[in-house]
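The numbers here are math on the coordinates, done by the rules we state, and not lab data. Only a predicted model underlies this, so the values are computations on that prediction, with no experimental measurement involved. Counting neighbours? That spans all protein chains shown, and the Cβs are built from the backbone with ideal geometry, glycine included.
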Amino acid sequence: MKIILVANQLMGHLNPLLAIGRILIDEGHDVVGICGSTMRTKFEKIGVDFQSFPEGADQDLSDLAAIYPEFALMPPGLEKLRFTVQRFFIDTMLAQHDGLKQVLKWFPADLIIGENMLMGLLPMLLGPRAARPAVVMCGTTYLLWHRQDGAPVLGGFAPVETEADRIQHDTASEAFYRAVTAPMRRAVDARLAEIGVRPLSRGVFDSLTALPDAYLQLTAPSFEFTRDDLPENLHFIGPLPIVPEQAPIPSWADELDGSRKVVLVTQGSVANYDFGHLIAPTLAALAREDDVLVVVTGGGRSTSAIPGAIPDNVRLADYLPFEWLLPKVDAFVTNGGYGSVNQALSHGIPLVTAGLTEDKADVSARVSWSGVGIDLQTQEPTPVALRQAVRQVLDNPSYRNCAAALAREMKAIDTRETLLKILSAAARPEQAKEYERAA
């Protein structure tokens with residue numbers, strides 16, 4: 001098959017597409033990747049032909065604070081969430097769509113695989129089915145599908161348990177609708193109207209989930225809040241394999257010999273503009289824990305930006321190969337990036353989470369709800385709170401037991417085989433023929 005992979009220029013959104021690309025190349029498919037120009041080498045390294053987004057969508061998001069200084073200054077909350085969705089995803093929608101159309105002129109794809117915040121696919125999904133290839137979306141965040149218990153889809157709310165919870169959820173949903181949902185939908189509909197595409201018939205996130213021919217959630221069912229109204233196109237396929245050799249093994253690798261507990265700490269690749277939020281207080285928290293070796297990755301940003309002294313039991317790297325590292329890790333301290341959390345869980349690693357921006361509060365809520373770790377429910381935890389939480393997940397076997405159970409559930413899913421079956425079913429030959437006639 002001819003297949004297009006398309007993603008926003010954020011590593012947490014791109015990495016799953018690269019993993020899929022490796023599988024497709026191994027299966028002999030003809031694959032083209034579309035993304036920002038800074039990601040060219042990522043695609044070419046796995047053997048995928050690359051095409052950059054056109055101007056208007058070709059953003060370098062490696063340093064968000066430099067591009068959008070206000071992003072780093074905004075406190076967590078609805079205003080920052082609305083800003084993030086508008087600037088990173090909605091404003092680039094039409095340019096992304098143009099880029100896809102240009103590639104389809106010379107590469108008549110049978111299938112397009114995008115990540116779940118790739119809004120440039122919405123114009124195709126809202127148009128005639130016969131006028132486009134099959135489209136499959138990948139859930140690189142937690143499941144952005146409406147909540148039956150009245151809670152907003154974002155905000156870090158655990159499932160409702162009491163009437164007081166329900167009242168709180170209803171109040172939060174009203175505020176979320178006014179501040180985020182309604183303006184986001186108006187902005188998307190305005191962009192669609194510019195190119196003569198009909199408006200959405202439901203919310204933006206629900207549309208991105210329900211409209212594709214298939215939607216792949218990259219986790220196991222037990223790490224998602226229970227619902228009985230999920231769309232029929234939704235499939236839980238487990239976390240994708242980590243793309244290997246994206247970073248070199250560090251010089252201090254031999255120190256991870258099992259003589260000390262290994263605690264991995266990261267702020268991911270998006271909310272890593274201020275290492276004082278999580279990394280610095282974690283280093284202070286564990287500086288005197290003689291039985292612990294703390295491993296820090298900057299998510300691609302230089303660890304030289306970590307404020308304060310670096311304790312003797314800390315090892316640093318700007319970026320680390322997770323396929324090598326995770327089997328050696330005993331606990332993971334993170335601000336809640338969805339991909340890295342699921343990668344850790346696939347190895348049965350318990351977690352301590354502390355993050356409120358983007359989707360991180362909701363990922364952390366799932367960590368707590370599923371029993372696999374502790375959610376500190378803050379953007380800037382204190383060293384005292386961090387030390388207590390890390391010691392708890394290291395010393396209390398219940399967290400590791402829950403994480404191990406989830407790891408077994410993930411391993412029971414044949415992710416590669418499931419993925420290939422779903423993609424094959426989505427790109428049925430008769431649909432491909434309809435598309436070719438329409439083109």
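Converting phi to 3J(HN,Hα) with the Karplus coefficients 6.51, -1.76 and 1.60 and the offset θ = phi - 60°, region 327-339 yields x, 9, 8, 9, 7, 10, 9, 8, 7, x, x, 4, x Hz in sequence order, with x at every glycine or proline. When you filter the chymotrypsin sites (Phe, Trp or Tyr not before Pro) in region 176-283 for DSSP loop state and at most 12 other Cβ atoms inside 10 Å of their Cβ, you are left with Trp252. Only helices enter the 222 nm calculation for the chain: every DSSP H run of n ≥ 4 contributes -39,500 (n - 2.57), and dividing by all residues gives -11500 deg cm²/dmol, rounded to 500. In whole Å, what is the distance between the alpha-carbon centres of region 82-153 and region 177-247? Each part reduced to its Cα centre gives a spacing of 8 Å. A viscosity of 1.002 mPa s and a temperature of 20 °C, combined with the Kirkwood radius over Cα pairs in Stokes-Einstein, give a translational diffusion coefficient for region 183-286 of 113 µm²/s.
With no solvent and one equal point scatterer per Cα, compute the Debye intensity ratio I(q)/I(0) for region 1-95 at 0.10, 0.15, 0.21 Å⁻¹ and report its log10, rounded to two decimals. Relative scattering, expressed as log10 I(q)/I(0), comes to -0.31, -0.63, -1.01. The orientation-averaged shadow of the Cα convex hull for region 283-345, equal to a quarter of the hull surface, comes to 4.6 nm².
So if I take the alpha carbon set of region 332-376, get Rg, then get Rh from the Kirkwood formula, what is the Rg over Rh ratio? Provide the component values of the computation, followed by the final result.
Numbers: Rg = 8.8 Å, Rh = 9.8 Å.
With Rg and the Kirkwood Rh in hand, the quotient comes to 0.90.
Give me log10 I(q)/I(0) at q = 0.15 Å⁻¹ for region 140-221, Debye formula, one equal scatterer per alpha-carbon, no solvent. Debye output, listed in q order: -0.65. Note on Val333, Val153: ascending count of other Cβ atoms within 10 Å places them as Val153, Val333, the fewest first. Sites listed here are GluC sites (Glu not before Pro) in region 221-307 whose DSSP assignment is loop and whose Cβ has at most 11 other Cβ atoms within 10 Å: Glu232, Glu245.
Against the empirical curve 2.2 N^0.38 Å, the C-alpha radius of gyration of region 304-439 lands at a ratio of 1.38.
Taken along its principal axes, the alpha carbon cloud of the chain reaches lengths of 68, 50, 42 Å, longest axis first. Computed from backbone phi with θ = phi - 60° and the Karplus coefficients 6.51, -1.76 and 1.60, the 3J(HN,Hα) list for region 194-202 is 4, 10, x, 9, 4, x, 5, 9, 8 Hz; x is used for glycine and proline.
The modelled label-to-label distance between Arg202 and Asp30, using points 7 Å beyond Cα along the C-beta direction, is 3.5 nm.
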